[in-house]
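What follows is a single structure, written as structure tokens, with notes after it.
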Amino acid sequence: MQEKAIEESLESVSDVTQTRKPLSRSGLVWSRLKKMPRFWIGIVVVVAIILWAFVGPLVYPWSITDRDPLNMGMGPTMIHWFGTNSIGQDIYAQTLAGLQKSLVIGLVAGPTATIIAALVGSTAGYIGGWVDRVIQWIILLLLVIPAFFLFILLSPLIKGLSWVVLMFYIALFS
């Protein structure tokens, strides 16, 4: 009698496990993440920063090129939230423009650095031999020398160029 009950319970368990599809790795990660309050707080903060950077200049009355000759070099006021610089430009508008560029640089430089690393690594692994050793030596040299010092050394070369070039330098030396 007990053996029959055990067999019936095992059959019902096997029916349940066969009908339920196993979670993929991304499905498992998502099911764990959506239960964590820290994840949702982080998402809200990141979305708020992105909205602040790209919607903020649309609702703020001053742009980065506007000048206010009556309030040059003033501190924060109700008119200029962060104040103005010595030529009357609004510092809050400049902050939002800098935030936009920083977000774009971060969102482009990260994936670009990953693509460059994958190409260099796969090339070194595919060719092998002395080419692999040279690429490995260069990579180890770049790991020893901090990227900040490379930016200082290369800054005269990128002085007159756009911030887009800086984005690719960051991706190359990351």
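The set of residues from the stretch 98-144 being within 12 Å of Phe173 (Cα to Cα), in contact with a Phe, Trp or Tyr (Cβ under 9 Å, 6 or more places away or on another chain) and of a type in the set (A, V, I, L, M, F, W, C) comprises Ala109, Ala113, Leu142.
Residues that are surrounded by fewer than 10 Cβ atoms within 10 Å (Cβ to Cβ) and under 20 Å from Ser102 (Cα atoms) within the stretch 150-174 comprise Lys159, Gly160, Ser162, listed in sequence order.
Which residues, taken from the stretch 107-149, are surrounded by 12 or more Cβ atoms within 10 Å (Cβ to Cβ) and within 20 Å of the chain's Cα centre (by Cα)? Hits for the stretch 107-149 are Leu107, Val108, Ala109, Gly110, Thr112, Ala113, Thr114, Ile116, Ala117, Ala147. Screening the candidates Ser86, Ser102 for the property of being in a helix (DSSP H, G or I) and either among the polar types (S, T, N, Q) or loosely packed, with under 12 Cβ neighbours inside 10 Å (or both) yields one hit, Ser102. Considering the conditions (1) under 27 Å from Val45 (Cβ atoms); (2) at pLDDT 90 or above; (3) not hydrophobic (A, V, I, L, M, F, W, C), Arg67 is excluded by exactly one of them, (1). Of all residues in the stretch 153-166, those that are under 19 Å from Ala113 (Cα atoms) have Cβ atoms under 6 Å from Cβ atoms of residues that are open to solvent by 80 Å² or more (accessible area, probe 1.4 Å) and modelled with pLDDT of 80 or more, 6 or more apart or on another chain, in Trp163/Lys101. Search the stretch 2-40 for residues being open to solvent by less than 100 Å² (accessible area, probe 1.4 Å) and assigned to a loop (DSSP other than H, G, I, E, B), and hand back the single one that is modelled with the lowest pLDDT. Per the stated criteria, the residue is Ser24.
The values are calculated or read from the model by the stated rules, or taken from the named source; none is laboratory data. As the structure is a prediction and not an experimental result, all values here were calculated from the model. Quick reminder, even Gly has a Cβ in these numbers, built from the backbone with ideal geometry, and neighbours come from all protein chains shown. Calculation scope for accessible area: heavy atoms of the full protein, side chains included, ligands and nucleic acids excluded. Shrake-Rupley method; radii C 1.70, N 1.55, O 1.52, S 1.80 Å.
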